[in-house]
Structures are given as structure tokens and as C-alpha cells.
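**Q** Sharing a structure with you now.
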Amino acid sequence: MTTIDTAPQKDWLGHPPGLTVLFSTELWERFSYYGMRALLVLYLVHFLFLPGHVEHVLFYPQVKAFFEWMSGPLTVQQLSSLIYGTYTGFIYCSPLLGAWVGDNYLGQRKTAVIGIVGMGIGQFMLMSEALLFPGLLLLIVAGGFFKTNTTAQVGMLYKAGDSRRDQAYSIYYVGVNIGAAIAPLVAGSLGELVGWSYGFGAAGVGMILALIAYFMGWKHLPADGVKPKGERVREPLTREERKSMIALLIIVLPLILWWACYEQQGNIIALFAGDNTDRRLIPGLINWEIPVTWFQSFNPLMIFAFTPFLLSMWARQARDLKEPNSMYKMVAGAAMLAVSYLVLAFAAWHGAQGPISWLWLGLYFAIITTGEIYLSPISQSLFSKVAPARLASLAMAFVFLPNWLGGGLLQGYLGTYWSTMSHPAFFILMAVIGFVSAGVLFVMEKPLEPYLQKSHD
């Protein structure tokens, strides 16, 4: 994979200017994605799938029949959770296609542009009730073209062994979450309080801003890694490279469980916040209610606030030779997710006779967010460092496999139990899955360590 010498070019926080470009582009793409995500389940459950509207949705009978063929009769909430899970899953499966196109034909930059344009069109399509499913399909395909190719470019900014790469992915992750934090406040508020189409339109505008940011910084992006036509016969992987790639694939398995629980934030947690939470700011004193979609901003805002402290702590640990390796960081992240759901289980049990204070949700988000910082950007950096550089985009597609299988498909399936289990029992189930994920990662660390220490740039 072609890389560039970035030593003479440093700007923000001592990193190459390309990081700022990718940071800005990802910020607006995440604004678009999370703005739409904050609305989707609420839109389906409380509006689109109700009589008077559902009749206008193209392909609704076929989609509903397909899911009921697999699961049996479904309520509106169950069907909505499955559709949400399928969408969030396949938008992280399509990066396999985007990675193949980027690595072999168009290069990372052009492939990302196609993704940006396609996602913008898809968001604007959602403004029409009839175009829900065609719009979601376009977002899935275009998202795959965008996601792996921009994430891979972050690693391509650095030479082999450059210690700044871990920092770069954490900084990049802050950009992800600034966009995710703003989105529910803007697109979510517009959709919830003004009209659903306004919220989806705002998400489309986010993709226009992403395209502008990407083109403005084009000259600072790393050179494409695609080989010239006629030279695309891939150099076979060495034995060591194959072992490293197998090790990365093994790590995917426990991450599937983690993402299945984590992604309930946009599904069951959104419904719980609206139906089972006292959203008054200070009951009896300030009775203004927090909009339901605003809870989707808690997690990214906390990532923005918490990341500098954790980076500083890891830097001190590194100086003292006490910093945990990537695997142990991910173990801690998985365990914290489990604890966050135990908090909600206790809150739901304690408040069984009425809505719980929104502060319980705040505590849940604080714990799960800390766990996310320990796991998600660290896994991206690990895959970037260990995978062969000529497979940069494909390695990023591996990173998103847990989002597809866990954060999408398994998450949507688990969400169907919300209507049949007690709320405390459902949250305990999420906690158990989180602890299993942590335990498997912990057991894997020693056997996989030799294969995760090598850089193949």
C-alpha cells in the first residue's frame, strides 16, 4: 500500500493535515448518520407504520412478510426493531464491497466520494414516506463505499511504527462523535418537534457539508493504494501475515456480542427514554422535558469530554511502562458496557411502578461511553497496525464486521424481546452478554499476543 511521508507536514496536535480533513469529513457524515438514526425507530413506531401512513410505503407488505416468515407475527415495535437492526447491520457489511473497490479499482479517495454522494441522495429520499426502503438500501451501499476508505486513510497517513497512529484514531474518533452529538440536537429536534421530513432533510445537508470538507482538503489526503491496471495481481500473504489476519478475525467474535448490546442505544434505549423515563429537567422546579432524541447526544458528548482525560492517562501509563495493551483495553471496555446495563436493570427494577429519573440514563451513558473509548477506536487502531498495508481498506472492513453481525442483525433480534421480557430482565440479559464478551477477550489475549505485535506496513 502506498503511503506518504508526512514528517514535514504537521498541524493540529502534531499530526499531518490529512487527519484534519478526514476528521472534518467524518464529523459531517456522522452528523448525517446519527441524525437519521436518532429518528428511525421513533419514526417507524410512532408514525410511518401506523394506519394512514403505512399504506404509502413501497414494498412494505413484502418486507413485513419476509420478517414474519422468519420470526412469526410481529408487532409494530418488533418489526421496527428488526428493520433498524437490519439497516445498521448491513451498513457495516457493505464496507466489504467498498474495500474491494477501493483497494483494487478506484482507490480510497474516489470510492469515498461516490459514497458521500450516494448517502446524501439516500437521506433526501427518506423525506418521502414512500421511499423508506429504497432510501435505506442506497444508504447501505453508499455507506460501505465511504466508511472503510476514509477510515483506512487515517492509518495511511503514517509510516510503519509511527507511535502517533493510536492517537490519530482516537482524535478521529472525537470527530466522529462531535458529529454524532450535534445530530440529535439538530436533525433529531427538527424531526421530533417540527416534522419527520425536516429531520431527514437535515441529515442530507450533513452529507453535502461532508463532500465540501473532503474536496477542500483533497491535496492533503494520502495517495491511493490501488495498483495500476495490469498490475492488480495481489502479492500472496506471507505465513506471518496470514496468522495475523486470522488473529484479527478471531477477535471479531467477542466484538459481535459487544456491539449487539452497544447499539441498543438507538433502538431499545430510545424507546425506553420516551416511554419509561421522567424527562423533566428538575421535577417540580424546572418541568421542561428533554426531547427523546436528545438522549442520543449523551454518548457522543461524553466521548468528546472523556477522551482527552483517557488519552492523558494512557500517556502517563506509557511513560511508566504500565499502559495496558490493546486487548486488555478492549476487555475493560466490554466489562464497562456490562456494568452500564446492570445500572439500568437496577433502575428499571427500582422504578417498576413508574418512570425512572433521566439521571439514571445519564449514568448509563457515562459508563458505556467510557467502555466505548476503551474498545472501539482501539480496535480500529489495532486492525490498522497489524493488517498488511496493501489490505488497508479490507482490514477496516474486518473492523466493521462486528457492527454488521452484532450491532445490526443480532442487536435487532435481541430488540424483539423488549415486548416479551420485563425491562429489568432485558437489561440483565444485555449485561450477561457484555460480561461474556469481556471474558472471551481476556482468555484470547495470551494466545493471540504473538500475532498482534507485528506491523506489516
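We did not get these values from a lab; they are worked out from the coordinates using the rules stated. Being a predicted model, the structure only gives us computed values, none of them experimental. Virtual Cβ from ideal backbone geometry, glycine too; neighbours counted across all protein chains shown.
**Q** In vacuum, with every alpha carbon of the stretch 36-101 counted as one equal point scatterer, what does the Debye formula give for log10 I(q)/I(0) at q = 0.20, 0.23, 0.24, 0.29 Å⁻¹? Two decimals, please.
**A** The computed values of log10 I(q)/I(0) come out as -0.86, -1.03, -1.09, -1.32.
**Q** Enumerate the whole-percent occupancy of each 5 Å bin, from 0 to the last occupied one, for all C-alpha pair distances of the stretch 304-457.
**A** In order of increasing distance, the bins hold 2, 9, 13, 19, 19, 15, 10, 7, 4, 2, 1, 0 percent.
**Q** While we're on this one: I want to verify the translational diffusion coefficient of the chain in µm²/s; compute it with Stokes-Einstein, Rh as the Kirkwood radius over Cα pairs, at 4 °C and 1.567 mPa s.
**A** Values: Rh = 22.4 Å.
The calculation lands on 58 µm²/s.
**Q** Could you give the longest part of the chain that holds none of the trypsin sites (Lys or Arg not before Pro) found in DSSP loops with at most 16 neighbouring Cβ atoms within 10 Å? Intermediate results must be reported in sequence, preceding the final value.
**A** Values: sites that count: K10, K159, K229, R232, R234, K322, K454.
Free of exposed loop sites, the longest segment is 11-158.
**Q** Let me ask something additional. Find, to one decimal place in angstroms, the Kirkwood hydrodynamic radius of the stretch 80-184, where the mean of 1/r is taken over every pair of different Cα atoms and then inverted.
**A** Every distinct Cα pair counted, the radius reaches 14.9 Å.
**Q** What is the packing order of peptides 188-194, 416-422, 405-411, taking the mean over residues of other C-beta atoms within 10 Å and listing the highest first? List each step's numbers first, then the result.
**A** Details: 188-194: 20.1, 416-422: 14.9, 405-411: 24.7.
Going by the mean number of other Cβ atoms within 10 Å, highest first, we get 405-411, 188-194, 416-422.
**Q** Can I ask one more? Can you pull the Rg over Rh of the stretch 283-358, Cα-only, Kirkwood? Numbers along the way, then the final one.
**A** Details: Rg = 17.6 Å, Rh = 15.8 Å.
The Rg/Rh ratio comes out at 1.12.
**Q** Just to check I understand the Karplus step: with θ = phi - 60° and J = 6.51 cos²θ - 1.76 cosθ + 1.60, what whole-Hz values come out for the stretch 367-384, glycine and proline as x?
**A** Result, rounded to whole Hz: 6, 5, 5, 4, x, 5, 5, 6, 10, 5, x, 5, 5, 4, 5, 4, 5, 5.
**Q** Per 5 Å bin, what is the whole-percent P(r) computed from every C-alpha pair distance within the stretch 79-123?
**A** Histogramming the stretch 79-123 at 5 Å steps yields 5, 20, 21, 23, 16, 8, 5, 2 percent.
**Q** Sticking with this one: What ranking, highest mean first, results for peptides 256-262, 209-215 when packing means the other Cβ atoms within 10 Å averaged over each residue? Before the final figure, lay out the partial values.
**A** On the way: 256-262: 26.1, 209-215: 19.3.
Order by mean packing, descending: 256-262, 209-215.
**Q** Taking a 31 Å limit on the Cα-Cα distance, which of the listed pairs K110/K159; K243/K329; K64/K147; K110/K385; K64/K385 fall beyond it? List each step's numbers first, then the result.
**A** Working: K110/K159 22 Å; K243/K329 22 Å; K64/K147 29 Å; K110/K385 24 Å; K64/K385 43 Å.
As for pairs spanning more than 31 Å Cα to Cα, those are K64/K385.
**Q** In whole Hz, what ³J(HN,Hα) sequence does the stretch 59-69 give by Karplus (6.51, -1.76, 1.60; θ = phi - 60°), x for Gly and Pro?
**A** 6, 4, x, 5, 5, 4, 5, 5, 5, 6, 5
**Q** Now for a different question. Going highest first, how would you order 425-433, 177-185 by mean Cβ packing within 10 Å? Could you put the intermediate results ahead of the total?
**A** Details: 425-433: 19.4, 177-185: 24.6.
Highest-to-lowest ranking by the protection proxy: 177-185, 425-433.
**Q** Would you mind listing how long the stretch 184-340 runs along its three principal axes, going by Cα atoms, in whole Å with the largest first?
**A** For the stretch 184-340, the Cα extents along the three principal axes come out at 66, 42, 31 Å.
**Q** Can you give the angle from 0 to 90° between the axis of helix 196-216 and the longest principal axis of the chain, with both taken from C-alpha atoms, to the nearest 10?
**A** Approximately 10 degrees, to the nearest 10.
**Q** Any chance you could run the full-extension gain for R242 through W69? It's 0.36 nm times the residue separation minus the Cα-Cα distance, nm to one decimal. Working shown, then result.
**A** Working: separation 173, 0.36 × 173 = 62.28 nm, distance 3.97 nm.
Extending this stretch completely gives an extra 58.3 nm.
**Q** Another question, if that's okay. Using only helices, what value at 222 nm comes out for the chain when you add -39,500 (n - 2.57) per DSSP H run of length 4 or more and divide by the total residues, to the nearest 500 deg cm²/dmol?
**A** Working: 16 runs with 296 residues, N = 457.
That calculation yields -22000 deg cm²/dmol at 222 nm.
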